[in-house]
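Contents: one structure, followed by commentary.
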Amino acid sequence: MERKQERAGSIDSQPSPCVRRCVDRLSGFARGRRAIMQIQFSFRRSGGTISLLFFALCITFLVPVLARAQPAASPAPAAKSAPSSATHPWADKTLTPDRRAALLIKAMTLDEKIALMHGVTPGGLPRLNDDFIFPTVGYVGYIPANRRLGIPALTLADGRAGVGNGAKDVTLLPSPIAAASSWDVALMNGFGTVLGKEEWDKGTNVTLSPSIDVVRVPEWGRTFESYGEDPYFNGRMAVAEITGIQSQGSIGDANMYLTMNQESSRFSADSVVDERTLEEIYLQPFEAAVTEAHVGTIMCAYVKTNNVYSCENSQILHDFLRKQLHFDGWVMSDWGATHSTVDAAKNGLDQEMPYDIFFGEPLKKAVLAGQVDIATINDHVRNVLLPMFQHGLFDKVQPGKWTSNVRTPAHDAFSRKVAEEGTVLLKNQGDLLPLVPKAAVAVIGAAGTTKPKAEGGGSSDVVAPYVVSPFDGLRKRSAGTVTSADGSDLAAAANAARNAEVAVVFVRTEETEGDDRPDLKLPGNQDALISAVAAANPKTIVVLDTGGPVLMPWIAQVAGVLQAWYSGQEDGNAIAAILYGDVNPSARLPLTFPRTAEAIPTATREQWPGVGGHSTYTEKLNVGYRWYDSTNADPLFPFGFGLSYTTFQVSHLAVSAPTTQAKVTVRLDVTNTGKRAGAEVVEVYVGHPPANGEPPHQLRAFAKVELKPGETKPVTLTLEARSFETFDTNTHKWTLQPGTYQILVGTSSRDLPLTSTVTIAAAK
Ligand code: BGC
């Protein structure tokens, strides 16, 4: 952290060691990582003046409070019985949501309106230095029901890989990046459905998921929470997951909007980005979430975009969201990301979370003083009410409560399936994998034995009901001897490897919200561990339990590499199924793995973590693989790459002429040329004419195809008009440019054997 602060120019205040010690003490009461974030947040807002006094307060005051914060203190969810439409005309289900919202707004007092525009903290936790401490157990955001008007309470909970905020009896799914690595939108839809079901059954009616930001910086501490580095890909995954979440009753939340691409100095960092890059890269997933998945809420981010905080940024809230995308839901602030009353209210923030510092009394005063007009307040309130009506929150009774047990055997099985479908086979020299069941295996490394790494940290933290360690998973599956070494002693680890036929080394990174990784190296002695094990036994397989890419200085020494991400409660069972070939790996990387630290697109300090508080997006459109392609850099493993225990071939590409709407149909055959059933991902990239100034080629369609040995299947994909458009900063519009476009088809951004062209005519 010190190093990162130094590089960041020390923009954020950080807790002093005594405060950190206090936090450590508190963590025993309140799920450590969450509490740490909360205290960091309080500390930051106090302007960094907290010292011994805070520490003393902390010990005497907070410990009992946090210890007291029990689920029972959680608010009661929605009003149980709906009022009649005679007295409450907006209760009439036959009216449109628009009409119902309009009728209700007419009946509301100013206080009632403002009450919908900010959260309150459940249990009435105390203020310290004008800060609320976030609730640590129970809904992390809450707006009480309005009994007079029959408005249900809003109950908000985190959940990127399962219900968060300390909830018990929930399923720990693999991290979203693992699910995304399946390149299977149906699986991602299932992911949203399981998450949405557990949230709804916990009484949550707004699920704070998914995180859909494009991964710009591979060191980003929340890479594991997102889907990857391609805007189109993230859009597809966002639509699939949001549709799943919202199908179960709760309203989804696309976060974090916009340019939330680093944790370093995240409360003040400024993303300096040109308009075209904002539109073509960073806005794209949000556009899909709004226009296709009809997401009900969007969370504005901590960071600034072009020197204006996200939650008071008229360009991104008014111009992009409302005028361009016609978003009709509500924008809530990230927790503590509101910085003003009048600016935020006028520039597009609908709801302050999790409390009322700016949108409580100060907003009322601003309205009474004529600084914010009532029409603006009515717009904000309508934005909140509309999704509530659209999603039926006024019309159904919330079934569950925070203490409900929402786990099911089907959800456990689904968690395992996602882990299996999301594990990417990166190297398999001499077909060492799959393992024969009777092989003697040494399981090495803390991540494989004593400290499995099943999830990332921060607000996505889930209380896992159990985690199967890789050692236990392999022991269950193997018909041979399975030994272990935790990797703390390199000689002992090498010895274990020497005495086995195959060594499987599990390594981990500690990724978390609130911190970027200092670099892409494996922390601690893990590189040395891999080298020591590989020197002792050439049949060494490395399993990466990491949330993002790592450098692999040992790549030539090992026979195999699997990217397992943070794979959830079924960690050990899933990796055993892959290692022994019960499941044929079919995942593909959703982001590039660089060969060296210097090769990454954001290698300069100006880009990340920023200089003088500004992170400058000098790479512009060349995010992720676009950068490697435009600089002719050789990635270690490219975007879209992944191996299988079988082999595939793509052939017979046929590309249609564009329709009048500039849609193009791409047809090809894909064949399983090996001896096992498996699934291939077909990827279609578009190369613009040079005059358009676009990166060399960009993903525009993909499909996952399951094939029996020897089987050939035809695949048909559609390229939408957007595939051929660029954003014109003169007209502020997407424009179709006439010209000849390349269509490149294959199985990674660097393996595109089939090519064709399509000509887009000038508009008449
Ligand atoms: C995180 C959000 C989260 C919120 C509530 C914030 O610190 O950035 O992702 O939803 O806390 O827990």
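Read the figures in this text as sums done on the coordinates, not as results from a lab. These figures come from a predicted structure and were not determined experimentally. Cβ sites come from the backbone with ideal geometry, for glycine too, and all protein chains shown count toward neighbours.
Structure above, values below:
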read-out: Rel. contact order, % - alpha carbon contacts under 8 angstrom, at least six apart, the chain; value: 13 percent
read-out: Kirkwood hydrodynamic radius of the stretch 436-501, Cα pairs, Å; value: 12.9 Å
read-out: Among the listed pairs Lys704/Lys733; Lys113/Lys396; Lys453/Lys476, those beyond 24 Å (Cα-Cα); value: Lys704/Lys733
read-out: For the stretch 233-377: relative contact order, % (alpha-carbon pairs under 8 angstrom, 6 or more apart); value: 22 percent
read-out: Measure of compaction for the stretch 303-351 (Cα Rg per 2.2 N^0.38 Å); value: 1.02
read-out: Amide hydrogen neighbours beyond the local backbone of Lys427, cut-off 5 Å, H modeled; value: Val561
read-out: For the stretch 571-622, the spread of Cα positions along each principal axis, largest first, Å; value: 51, 20, 19
read-out: Normalised contact order of the stretch 650-764, rounded percent, pairs of Cα under 8 Å and 6 or more residues apart; value: 30 percent
read-out: Rg/Rg_globular for the stretch 389-523, with Rg_globular taken as 2.2 N^0.38 Å and Rg from C-alpha atoms; value: 1.40
read-out: Binned Cα-Cα distances of the stretch 350-462, short to long, each 5 Å bin given as a whole percent; value: 2, 7, 7, 11, 12, 10, 10, 8, 7, 7, 7, 5, 3, 2, 1, 0
read-out: Gyration tensor (Cα) of the stretch 574-659, equivalent ellipsoid semi-axes in angstrom; value: 33, 22, 11
read-out: ³J(HN,Hα) computed for each position of the stretch 602-619 - Karplus, 6.51 cos²θ - 1.76 cosθ + 1.60, integer Hz, glycine/proline x; value: 10, 7, 8, 5, 5, 7, 8, x, x, 10, x, x, 10, 9, 9, 7, 5, 6
read-out: Inverse of mean 1/r across different Cα pairs in the chain, Kirkwood, Å; value: 26.8 Å
read-out: Estimated D of the stretch 218-284 in µm² per second, where Rh is the Kirkwood radius over Cα pairs and Stokes-Einstein applies at 20 °C, 1.002 mPa s; value: 160 µm²/s
read-out: Three principal axis lengths of the stretch 149-304 [C-alpha, angstrom, descending]; value: 43, 39, 29
read-out: 5 Å-binned pair-distance histogram of the stretch 443-557 (Cα, whole percent); value: 2, 12, 21, 23, 19, 13, 7, 3, 0
read-out: Size-normalised alpha-carbon gyration radius of the stretch 504-605, reference 2.2 N^0.38 Å; value: 1.12
read-out: Distance between the stretch 613-630 and the stretch 670-739 - C-alpha centres, whole angstrom; value: 21 Å
read-out: Packing-based ranking, highest mean first, of 605-615, 400-410, 336-346 given that Cβ atoms within 10 Å are counted; value: 336-346, 605-615, 400-410
read-out: Radius of gyration, Dmax [the stretch 468-530; alpha carbons; angstrom]; value: 14.2, 43
read-out: Stokes-Einstein translational diffusion, the stretch 619-699 - Kirkwood Rh over all Cα pairs, 0.692 mPa s, 37 °C, in µm²/s; value: 214 µm²/s
read-out: Inverse of mean 1/r across different Cα pairs in the stretch 593-746, Kirkwood, Å; value: 17.8 Å
read-out: Karplus (6.51, -1.76, 1.60) ³J(HN,Hα), θ = phi - 60°, over the stretch 170-181, in Hz, Gly and Pro reported as x; value: 10, 8, 8, 7, x, 4, x, 5, 5, 4, 5, 5
read-out: Subset of Lys417/Lys438; Lys438/Lys539; Lys106/Lys364; Lys168/Lys202 violating a 21 Å alpha-carbon distance limit; value: Lys417/Lys438
read-out: Rg/Rh ratio calculated on Cα atoms of the stretch 702-764 (Kirkwood radius); value: 1.10
